[in-house]
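Working notes for the structure below.
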Amino acid sequence: MARLAEKTTSSENQPAVSNTVISFNDVAKEYDKGIPAVNHINFQIERGEFVFIVGESGSGKSTLIKLMLREIKPTKGKIIINGRDLNKLKKWQIAKYRRKIGVVFQNYRLLTDRTVYENVAFAQRVIEASPEQIKKATPRMLAQVGLSAKTKSFPGELSGGEQQRVAIARALINNPVILLADEPTGNLDQKNTDEIMNLLLDINKHGTTVIIVTHDHEMVKRLKKRVITVRNGFIVSDHKAADGKAPDLDDIEEEIRREAEEEDNKSGDEMAIDYIDVFDNNDYDE
Ligand code: ADP
Ligand code: MG
């Protein structure tokens, strides 16, 4: 297959174009000196992939997301995303870089005093889209996430699933190349979880690279996508869903079962610490 593709490219006399959209090269992050939260992180993600990142609480999943957002810088190693070396981004370039990265969190993070429409329109105002563009794009985006009937509602008047759909609409409105979701269904019941996952799959089908951090083992098993497993700051497995076929599910299942057990054995204190979302701390460690 690969050989065939190469041949086609050369016969058409086109330069070989890399499809890698995210690349981590021996990345480590220490929040406190000498204690790596993640270490020796190596992976590549291709344009258009759908990837789960799983692992118990405290294993470093959110740290990976924050590194990709350039909310934090690695202590060591190199991260290339969408052709940019994140270590070399100047402060003024960071906002522009982030326009290409949509992000969704467990706790939605909507503007509670603005309507659904305003929450989505706001993301376009930030990038100085024209009023005409905003008027056109906002209703279209809200229709895509199934919220046309709720445009005038405030977040507090919506269900959790609906609020997350607003957050997804806001993340997608500026056509990002990558959508990062950190436990996007963590606060949702099964029905809403399924709806949000179907929406994310649909978004991926339209070409956006989607990366989802989750604890939902059942969902990961069911969807048969690529699964990167993180434990104690290390990637311990990376199962590719090649050609849409299932990865070796027995292996993953065993791994996931072990993780769930470890999770069950945690103390209340550990759980409480996990629950305090590190994203609330929004400084960019410049
Ligand atoms: P996960 O998202 O998998 O639960 P995190 O990436 O949030 O894991 O955390 C990985 C490790 O880094 C944990 O040990 C956590 O306590 C630590 N950590 C995360 N954020 C900070 C921070 N801002 N300062 C110090 N330690 C942190
Ligand atoms: Mg986390």
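The values are calculated or read from the model by the stated rules, or taken from the named source; none is laboratory data. Note that the structure is a prediction, hence the values are computed from the model and not measured. Backbone-built Cβ (ideal geometry, glycine too); neighbour counts: all protein chains shown.
Which ones in the stretch 229-249 are surrounded by 13 or more Cβ atoms within 10 Å (Cβ to Cβ), at pLDDT below 95 and more than 19 Å from the chain's Cα centre (by Cα)?
Those that are surrounded by 13 or more Cβ atoms within 10 Å (Cβ to Cβ), at pLDDT below 95 and more than 19 Å from the chain's Cα centre (by Cα): ALA246, PRO247, LEU249.
For the stretch 94-108, does any single residue satisfy the condition of being free of Cβ contacts under 8 Å to residues at least 24 places away in the same chain, away from ligand 2 (no atom under 16 Å from the Cβ) and assigned to a helix (DSSP H, G or I)? The answer is yes, given that some residue of the stretch 94-108 is free of Cβ contacts under 8 Å to residues at least 24 places away in the same chain, away from ligand 2 (no atom under 16 Å from the Cβ) and assigned to a helix (DSSP H, G or I).
Against the criterion of being free of Cβ contacts under 8 Å to residues at least 24 places away in the same chain, closer than 15 Å to ALA28 by Cβ and more than 17 Å from the chain's Cα centre (by Cα), ASN87 qualifies.
For the stretch 152-172, indicate whether the set of residues that are in contact with a Lys or Arg (Cβ under 6 Å, 6 or more places away or on another chain) and aliphatic (A, V, I, L, M) is non-empty. No, there is no match, as no residue in the stretch 152-172 is in contact with a Lys or Arg (Cβ under 6 Å, 6 or more places away or on another chain) and aliphatic (A, V, I, L, M). Test ILE196 against the criterion of being out of contact with any strand residue (DSSP E or B) (no Cβ under 6 Å at 6 or more places or on another chain) and either within 16 Å of ligand 2 (Cβ to nearest atom) or modelled with pLDDT under 90 (or both), and give yes or no. No.
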